[in-house]
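A quick write-up on the structure given underneath.
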Amino acid sequence: MKNFNPVRGTYDYMPREAKTREMVRQTILSSYQNNGFNLIDTPILEHIEYLSNDTGDNQKLMFKTIKRRDKLDLTKDNLTEADIVAEGLRYDLTVPLARFYANNRDKLPTIFKSIQIGQAFRAERPQRGRNRQFTQCDIDIFGDNTVNAELELLKTSIETLNKLGFSSLVVRINSREVLNSVCGYAGFKDEEIKSVCVTLDKIDKISITGVMMELIEKGFDTDNINRLIDALNEILDKGITSLEKYGVDIDTINRLSYLINSLDKLTGESCEIKFDISIVRGQGYYTGTVYEIYTDGFTGAIVGGGRYDKMVGKITGTDTSAVGCSIGFEPVCMLLLERGARFNSLYNLALIYDSTDDINQVYDVKEKLKSKYNVSLFVRPKNMKSFYEKIVTVADCVTSVREYIEGKDIKLLK
């Protein structure tokens, strides 16, 4: 039997789902633009060397394209990946953005604030709110090394989530500089820390005990692991006040405190802001502040981001301050659909007419209704029961030309 399902980890969206997704996209874009960010677009295909610059898990989940025609020689002895692979599908929007900035920096203002809303791809195990093909909604700021850049990104993201109907948000903030200092205090070498952080990023899924076991499996020194676990337990208990003990620079502590306190004042009771040493972000390109936003009804983060001041430098040779924040479009849409959320958009109306009706009158009625509804015409079917059972996938309400002329109420389908 033929399989008509989409590829695992990808989805077909019915009209009602697609409409919700488009309204979410428009709401996010409008909010981002209203806060002074500028829409750009980058290709789905990206140079493999740039996608391979990241040392995080995402690089391992990359979809790669194969060389074509005479560029692919499978008869060659001792084939390597470089002999076969041409490009990669972007696994996030940050790597292409860094290349975009490197390519266009001479045309851009000193401080550049961008929007990207587009699809990315990861060959990971599909789960609730996580797909292999997914949409990301990013805002980024280049050229601003102050903590106010992080503050603007988080404030804009919270405001956008509020417009989408999300409340009771929890913002969890950390810094890679904190993690580097704590790992250094525990005895890990500089070249080991990124790998340690990749494991620490799983702490909410596998617990501290799981982190310890994975670090042991990676072959790290047991004494270093024990010192790290002891430090994490104390910091999780005492918070930001315990950081200086583990060699964290006072400027980093002050930067975090300023961000947390300022964001708390700007957002009021709409969300909880806190320092959390367990926030790592798995991507290897982060260099400073990292953060995630959580909401009720979903175990994962619906917003994530951080500072990545070294990424542009890997391309151009000159580092540029950069920080970003991304709303997880897929979990946001999933939660809104589950909650039956509606946006301020026109209802879809199924307008039924008879084959004997005057077509000019039919279109006259349609034009009158279009000021209040999105109107789709349907000739009256023989099986009305079947029609009503299926029309709910594309329409919110229904009437007929004759019912409208007679002044009867338009019927909601559910």
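Every condition in (1) within 28 Å of Gln26 (Cβ to Cβ); (2) out of contact with any helix residue (DSSP H, G or I) (no Cβ under 8 Å at 6 or more places or on another chain) holds for Val95 except the one numbered (2). Among the residues of the range 375-383, some residue qualifies, meaning at least one is farther than 24 Å from Leu232 by Cβ, of a type in the set (Phe, Trp, Tyr) and assigned by TED's automatic domain parsing to the domain that holds Asp396.
If I ask for residues that are small (Gly, Ala, Ser) and surrounded by 15 or more Cβ atoms within 10 Å (Cβ to Cβ), which ones from the range 209-246 would you list? Once the filter is applied, which keeps residues that are small (Gly, Ala, Ser) and surrounded by 15 or more Cβ atoms within 10 Å (Cβ to Cβ), the range 209-246 yields Ala231, Ser242. Within the range 256-276, the set of residues being over 26 Å from Asp230 (Cβ atoms), in a strand (DSSP E or B) and either more than 20 Å from the chain's Cα centre (by Cα) or of a type in the set (A, V, I, L, M) (or both) comprises Glu272, Ile273. The number of residues in the range 230-251 being farther than 14 Å from Leu179 by Cβ and either of a type in the set (Val, Ile, Thr) or in contact with a Leu (Cβ under 8 Å, 6 or more places away or on another chain) (or both) comes to 2.
Apart from one condition, Ile173 fits all of (1) surrounded by 16 or more Cβ atoms within 10 Å (Cβ to Cβ); (2) under 19 Å from the mean Cα position of the chain (by Cα); (3) within 24 Å of Asp41 (Cα to Cα); the exception is (3).
Listed conditions (1) modelled with pLDDT under 90; (2) closer than 15 Å to Ala301 by Cα are all met by Gly340, apart from (2). The set of residues from the range 143-170 being under 23 Å from Ile111 (Cα atoms) and within 20 Å of the chain's Cα centre (by Cα) comprises Ala149, Glu150, Leu151, Glu152, Leu153, Leu154, Lys155, Thr156, Ser157, Ile158, Glu159, Thr160. Of all residues in the range 360-414 being free of Cβ contacts under 8 Å to residues at least 12 places away in the same chain and closer than 20 Å to Lys19 by Cα, which is surrounded by the most Cβ atoms within 10 Å (Cβ to Cβ)? So, considering only residues that are free of Cβ contacts under 8 Å to residues at least 12 places away in the same chain and closer than 20 Å to Lys19 by Cα, the one surrounded by the most Cβ atoms within 10 Å (Cβ to Cβ) is Lys370.
This table checks each residue for (1) in a loop (DSSP other than H, G, I, E, B); (2) aliphatic (A, V, I, L, M).
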residue	(1), (2)
Val248	yes, yes
Asn254	no, no
Ser278	yes, no
Gly282	yes, no
Tyr285	yes, no
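Among the residues of the range 137-170, those identified as in contact with an Asp or Glu (Cβ under 8 Å, 6 or more places away or on another chain) and surrounded by fewer than 20 Cβ atoms within 10 Å (Cβ to Cβ) are Asn145, Ser168, Val170. Of all residues in the range 3-21, those that are in the same structural domain as Phe63 (by TED's automatic domain parsing) and touching a residue at least 40 places away in the same chain (Cβ under 8 Å) have Cβ atoms under 7 Å from Cβ atoms of residues that are surrounded by 11 or more Cβ atoms within 10 Å (Cβ to Cβ) and of a type in the set (Phe, Trp, Tyr), 6 or more apart or on another chain, in Arg21/Tyr13.
Number of residues in the range 68-103 that are within 29 Å of Gly143 (Cβ to Cβ) and either outside the structural domain of Glu49 (by TED's automatic domain parsing) or surrounded by 14 or more Cβ atoms within 10 Å (Cβ to Cβ) (or both) equals 16. Tell me yes or no: at least one residue of the range 214-230 is on the phi > 0 side of the Ramachandran plot and at pLDDT 90 or above. The answer is yes; a qualifying residue exists. Note on the range 296-315: residues that are over 23 Å from Asn254 (Cβ atoms) and buried (at least 19 other Cβ atoms within 10 Å of the Cβ) total 6.
For a quick check of your reading: which helices (runs of 4 or more DSSP H) sit entirely within the range 104-204 and have at least 3 residues that are outside the structural domain of Tyr11 (by TED's automatic domain parsing) and free of Cβ contacts under 8 Å to residues at least 12 places away in the same chain?
Those helices (runs of 4 or more DSSP H) do not exist here; none qualify.
The requirement of being at pLDDT 95 or above, in a loop (DSSP other than H, G, I, E, B), charged (D, E, K, R) and buried (at least 16 other Cβ atoms within 10 Å of the Cβ) is not satisfied by Asp357. A single member of Gly328, Gly304, Gly239, Gly288 is within 29 Å of Arg130 (Cα to Cα), in contact with a strand residue (DSSP E or B) (Cβ under 7 Å, 6 or more places away or on another chain) and free of Cβ contacts under 8 Å to residues at least 40 places away in the same chain, and it is Gly304. The residues in the range 382-398 that are at pLDDT 90 or above and in contact with a helix residue (DSSP H, G or I) (Cβ under 8 Å, 6 or more places away or on another chain) can be counted, and the count is 1.
The values are calculated or read from the model by the stated rules, or taken from the named source; none is laboratory data. Worth saying up front: this structure is predicted, and the values here are computed from it rather than measured. All Cβ positions, even for glycine, are placed from backbone atoms using ideal geometry, and neighbour counts span all protein chains on display.
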